[in-house]
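For reference, the structure is listed below as structure tokens.
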Amino acid sequence: MIEIGVQQIMLSSLSKNDETLLESLKRVKEYGYDSIELNSFMIHPSSFLVRTLTRAAGMAVGNTGKRDWKNLIPQSGLKVISLHSDLNSIERDPKSVAEEALEYGTDKVVITGMYRYDYTSSSSLSSLTARLDEGGRRLKEYGVSLLYHNHNIETVKDEKGRTALDVIINGTNEDYVSFELDTFWLSEAGCPLEEWMKKMGGRLKLWHIADRGWRGNSKQIAPIVKSGSVELGTGNLPLERLLSIAKENQVQGIVLESHNNWIDNDPLESIRISGQWLKKNI
């Protein structure tokens, strides 16, 4: 059975207080989702720098760091599918990272690409794969798995002509490093999505899903428009074919994530519509 979750970032604008957040979490559960994927920078009060960087990336955290997630999530009937952390925290204190994940009821810790890191350098990539293996090994000692989540930076090539994501897949130990594949970001870079999903095979534990398209009217000034994430089944990505491959890979969970461009500017309505597609196709 594939677990279906929602990324915490989609609820950041609904975290004004605990009551509002709990009602939103309950509606997510009503829409057919099993779980929520948490971010460590959203379950703790975050610094001004983190708030600024996430806002600039289109992922404003709102008041999430002030909310009682540990109690509100079980009250809503949802579970926690995974916890996003960062490699530096794992290297500094793997025990604390693992314990926090387990306290929330998940054995999966996810990290994303590094900030201000040279993904075009083979020596930098070699260092990264070694650090990932060591981080995964140390988390495994506490019964927790490490997953790497891509964006589009990993599609750049090093001086040997290898994409960074290829190096990460081939250069890490499958016993210590698995993956949460984000096909939206690969599509943004023009990558063959089905090929990449097949490459990950059984190491693909979670799939970050979003559709991609354009929302607007037909009376645009110019014929070139900027696409973005849209509700599942309303865009142009080959989601049904990707789902078939994900099932072949025995993916454990699918996590819906979009940062903006929601229908009627309403994240809950966007979650509901995408939930209908998931319910129909899984």
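Computed values, structure above
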quantity: So Ser227, is it farther than 30 Å from Glu100 by Cα and out of contact with any helix residue (DSSP H, G or I) (no Cβ under 8 Å at 6 or more places or on another chain); calculated: yes
quantity: The range 80-121 - residue that is polar (S, T, N, Q) and in contact with a helix residue (DSSP H, G or I) (Cβ under 6 Å, 6 or more places away or on another chain) and, of those, surrounded by the fewest Cβ atoms within 10 Å (Cβ to Cβ); calculated: Ser89
quantity: Residue in the range 252-264 that is without any contact (Cβ under 8 Å) to a residue 24 or more places away in the chain, exposed (fewer than 14 other Cβ atoms within 10 Å of the Cβ) and either among the polar types (S, T, N, Q) or in contact with a His (Cβ under 6 Å, 6 or more places away or on another chain) (or both) present; calculated: no
quantity: Filter result for Ile254 (within 14 Å of Gly5 (Cα to Cα), out of contact with any Pro (no Cβ under 9 Å at 6 or more places or on another chain) and assigned to a strand (DSSP E or B)); calculated: yes
quantity: Any chance Asp68 is surrounded by fewer than 14 Cβ atoms within 10 Å (Cβ to Cβ) and at pLDDT 90 or above; calculated: yes
quantity: Candidate set from the range 95-112 (those that are over 17 Å from the mean Cα position of the chain (by Cα) and either at pLDDT below 95 or among the aliphatic types (A, V, I, L, M) (or both)); member that is nearest to Val144 (Cα to Cα); calculated: Ala98
quantity: Helices (runs of 4 or more DSSP H) contained in the range 62-112 and holding at least 3 residues over 26 Å from Gly32 (Cα atoms) and of a type in the set (Gly, Ala, Ser); calculated: none
quantity: Test for Ser96: is it closer than 16 Å to Gly143 by Cβ, free of Cβ contacts under 8 Å to residues at least 12 places away in the same chain, out of contact with any Asp or Glu (no Cβ under 7 Å at 6 or more places or on another chain) and not aliphatic (A, V, I, L, M); calculated: yes
quantity: So Leu125, is it part of a helix (DSSP H, G or I), at pLDDT 95 or above, surrounded by 22 or more Cβ atoms within 10 Å (Cβ to Cβ) and aliphatic (A, V, I, L, M); calculated: yes
quantity: Residue that is nearest to Glu103 (Cα to Cα) [pool: residues in the range 10-39 that are out of contact with any helix residue (DSSP H, G or I) (no Cβ under 7 Å at 6 or more places or on another chain) and either of a type in the set (S, T, N, Q) or crowded, with 23+ Cβ neighbours inside 10 Å (or both)]; calculated: Ser35
quantity: Members of the range 186-211 found to be of a type outside the set (Ser, Thr, Tyr) and buried (at least 20 other Cβ atoms within 10 Å of the Cβ), listed by number; calculated: Leu186, Trp196, Met197, Met200, Leu204, Lys205, Leu206, Trp207, His208, Ile209, Ala210, Asp211
quantity: Residue among Asp118, Asp86 that is in contact with a Ser or Thr (Cβ under 9 Å, 6 or more places away or on another chain) and more than 28 Å from Met10 (Cβ to Cβ); calculated: Asp118
quantity: Residue count, the range 235-248 (criterion: crowded, with 18+ Cβ neighbours inside 10 Å and touching a helix residue (DSSP H, G or I) at 6+ places or on another chain (Cβ under 7 Å)); calculated: 5
quantity: Lys157 vs. criteria among the basic types (Lys, Arg), touching a strand residue (DSSP E or B) at 6+ places or on another chain (Cβ under 9 Å) and at pLDDT 95 or above; calculated: yes
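The values are calculated or read from the model by the stated rules, or taken from the named source; none is laboratory data. What you are looking at is a predicted structure, and each value in this text was computed from that prediction instead of being measured. Heads up, the Cβs are rebuilt from the backbone with ideal geometry, glycines too, and the neighbour counts pull from every protein chain shown.
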